[in-house]
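Structure record follows, encoded as structure tokens.
The values are calculated or read from the model by the stated rules, or taken from the named source; none is laboratory data. These numbers come from a predicted model, not from an experiment. Because the Cβ atoms are built from the backbone with ideal geometry, glycine has one as well, and the counts that use them run over all protein chains shown. Side chains are part of the model used for accessible areas, which takes the heavy atoms of the whole protein and leaves out ligands, DNA and RNA. Shrake-Rupley method; radii C 1.70, N 1.55, O 1.52, S 1.80 Å.
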Amino acid sequence: MLCTISAFAQTTHIGKLELKPKQVYIVGPDNTLSVDTLIMHDKSVIQFSPEKPGVLKAAVAIVGSNCEIASRGENGQDSEYKTRGTRGKNGGDLDITMHFDKLKSLVIDTRGGTGGDGRDGRNGKNGIKDRREKKIIKGAKGQDIITYEHIPGTPGTNGTNATTGLPGGNGGNISFTYSTKNFIPVFNHSKARNSITLLHTVGDAGRDGKPGLGGFQSADGILEHKKEPGSVDGQIRLYKANTATAHD
């Protein structure tokens, strides 16, 4: 079960911040967090708002396994019968400065949110297909004669159109200044020791809707394509600080 705590101060400077396993720390309204000593136990999260740039400074950081610093954009809304869905929201920019005393694995996530799904079309009414109806009539000598009569069907109605999924949001930029104590971090290899994974890509596009099927002698719907502006990945800037001056 996740435990969430929020910071309400306009400017957050903390001497020591220790997060329990799986705990989520929500940064205050100014989206800035400065910490003398930061301890993140396994699977703990520091959550920034993606609505504006976030800043994190940690003079000393002790980071456990599968920890996360996140500013990921929210997912878009799915399309409904008469309304178009929304794009995924953009990931927020993060400016992070950290000196790692210990590190197992950390993810920094500024990906865009997933776009909303497209609208499914509605199936048309089935109608009634043509059919052959068996009839028995009497011949001239009283014998049974089997005949088949063609009975025209009744057309159904057309299926309605579907819409495409919405694009994901832009990835946020990551500016990351780091230093370490007696180890070398490994970037974007999550199974390695001392790993830092940087996620900064656009969000996934939403699912395309499924066109409705037409009934008898009627047309299926189509997938309506609406041109949307493209999304872009965030940029990464890495700076290795001099360990001797990392606390300045």
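Miscellaneous remarks
- Applying the criteria of a DSSP loop state and at most 16 other Cβ atoms within 10 Å to the trypsin sites (Lys or Arg not before Pro) of the range 11-74 yields Lys22.
- Accessible-area composition of the range 100-248, carbon plus sulfur, in percent [1.4 Å probe]: 50
- Among the GluC sites (Glu not before Pro) in the range 14-109, those located in a DSSP loop and surrounded by at most 15 other Cβ atoms within 10 Å of their own Cβ are Glu51, Glu80.
- Taking amide H as placed 1.01 Å from N in the peptide plane, the amide H of Ile14 sits under 5 Å from that of Ser34, Val35, Asp36, each at least 5 places away or on another chain.
- Solvent-accessible area per residue, Å², over the chain with all protein chains present [probe radius 1.4 Å]: 58
- Panel values: the range 82-227, Kirkwood radius from alpha carbon pairs, Stokes-Einstein at 4 °C and 1.567 mPa s, translational diffusion coefficient 63 µm²/s.
- Length added when fully stretched, Asn182-Asn126, from 0.36 nm per residue minus Cα-Cα: 13.0 nm
- The chymotrypsin sites (Phe, Trp or Tyr not before Pro) of the range 128-192 that DSSP puts in a loop, and whose beta carbon has at most 14 other beta carbons within 10 Å, are Phe183.
- Calculated Cα Rg over 2.2 N^0.38 Å (choose from [x] 0.97; [y] 1.18; [z] 1.69), label: [z]
- Gyration tensor (Cα) of the range 3-104, equivalent ellipsoid semi-axes in angstrom: 29, 15, 12
- 30 Å Cα-Cα threshold exceeded, pairs from Lys16/Lys89; Lys43/Lys226; Lys43/Lys227; Lys191/Lys227; Lys43/Lys82; Lys22/Lys52: Lys16/Lys89; Lys43/Lys226; Lys43/Lys227; Lys191/Lys227; Lys43/Lys82
- Positive minus negative residues near Asn170 (Lys, Arg vs Asp, Glu; Cβ under 12 Å): +2
- A protection proxy built from the mean count of other Cβ atoms within 10 Å ranks the segments 98-110, 215-227, most packed first, as 98-110, 215-227.
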